[in-house]
Structure formats: structure tokens, C-alpha cells
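Report on the following structure.
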Amino acid sequence: MEWAKHIVFTPILVGIFQGICIAGLMNLPVEQRKVLEDSSHFTIVRTVTALPEAIVALCGDLTGGLAEPAAKWEATDCIKDETLPRKRLIWGAISGVHHVVHYESGGYVHSFHLLVATLGNGGQQPKVIWRGIGGLYKDYTAFLLALRTGEFNDESEP
């Protein structure tokens, strides 16, 4: 009857691991998630200059922000030019005060990040709603699919 314990225990473990995987988006507030899922209000941007500087600053690091999608950047941890950014824009989306930025980060471990932030009118300070790490999403539609299937993990650092 030793095998019977494993049969009962295995589904419990599977449930726990599934919960952990899906829990990656627990820090994204439900009301903000609803805003993101309504893609009709978002305008896609493919240049850093189309994003407010305050939003770009939230994605950046000590190396000076984000590179344009086709620009030179430091994609690895073998730094050849200290003046180049170590992060690069993939795309952004803007809807009123809401901003979504999908970018990649070079280094020892190449990674893909998402930033959801708000920026009010009149020079207010931006507010980070959520940071996530996941895969490469070619467009906003692919991002929404990943959002619905829980392909992200919460990220606390830029």
C-alpha cells in the first residue's frame, strides 16, 4: 500500500506547482489588468522617442536608458562601449495615462521585461503598476495572450 500514498500525494504536488506558476501575476492589480486587456485604446509605438522620458527612465539603468529597436546596444556582459545602453526597446503601448513598455536586457542572462506604469498630465511623477519578466512578445496581441495564460513572473527590479 506504499504506492497508494504516492498516488494521493502526486496530485497535491502538481496542484501546488501549478498554483506557483499561475501566481506570477498576483501583483498586477485586477483593475489594471482589465485596462490592459482592452487593446482598442492602446496606440503602439516602436521608438523610444515616442515614449515620455519619465516612463523610459523607469526602464533604464545606470547606462542611460533604452536603445531604439534598431540601434546599437550592449546585448551581452562583454562590454565594448560603456556609452551604449544595456537595454533595448521592443515596443511600447500608450493609452491616456497608461503605458506598457516591452524591452530586452543584455548581460550574462539575456532577458525580456515588461513595465506597466501610469503618468498623469502636467509633469506628475510616473507610478509603476507592475514589472514582469517573460518571453519575447512580437506585439501587443502576443502580450495579451501571455497575460491571459500567466506566462510572466513578477519582477521587483528594473
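The values are calculated or read from the model by the stated rules, or taken from the named source; none is laboratory data. Remember, predicted model here, so these are calculated numbers, not experimental data. Note: ideal-geometry Cβ built from the backbone for every residue, glycine included; neighbour counts use all protein chains shown. We work out accessible area using only protein heavy atoms, side chains counted, and drop any ligands, DNA or RNA first. Shrake-Rupley method; radii C 1.70, N 1.55, O 1.52, S 1.80 Å.
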Residues within region 103-117 that are buried (at least 17 other Cβ atoms within 10 Å of the Cβ) and of a type outside the set (A, V, I, L, M), tallied | 5
When you go through I94, I79, I133 one by one, which is the residue that is open to solvent by 30 Å² or more (accessible area, probe 1.4 Å) and outside any strand (DSSP E or B)?
-> I79
All conditions in (1) touching a residue at least 60 places away in the same chain (Cβ under 8 Å); (2) among the hydrophobic types (A, V, I, L, M, F, W, C); (3) out of contact with any helix residue (DSSP H, G or I) (no Cβ under 6 Å at 6 or more places or on another chain) are true of V109 except (1)
Just one listed residue, out of H99, H113, is within 20 Å of A71 (Cβ to Cβ) and in a strand (DSSP E or B), and it is H113
The lone condition P126 fails out of (1) touching a Pro at 6+ places or on another chain (Cβ under 8 Å); (2) surrounded by fewer than 17 Cβ atoms within 10 Å (Cβ to Cβ) is (2)
Kindly provide the set of residues from region 25-48 that are of a type in the set (D, E), touching a strand residue (DSSP E or B) at 6+ places or on another chain (Cβ under 9 Å) and open to solvent by 80 Å² or more (accessible area, probe 1.4 Å), ordered by number.
-> none
Here are E151, E74: which of them is charged (D, E, K, R), within 21 Å of Q32 (Cβ to Cβ) and assigned to a loop (DSSP other than H, G, I, E, B)?
-> E151
Has region 57-65 got at least one residue that is in a helix (DSSP H, G or I), aliphatic (A, V, I, L, M) and more than 13 Å from L36 (Cβ to Cβ)?
-> yes
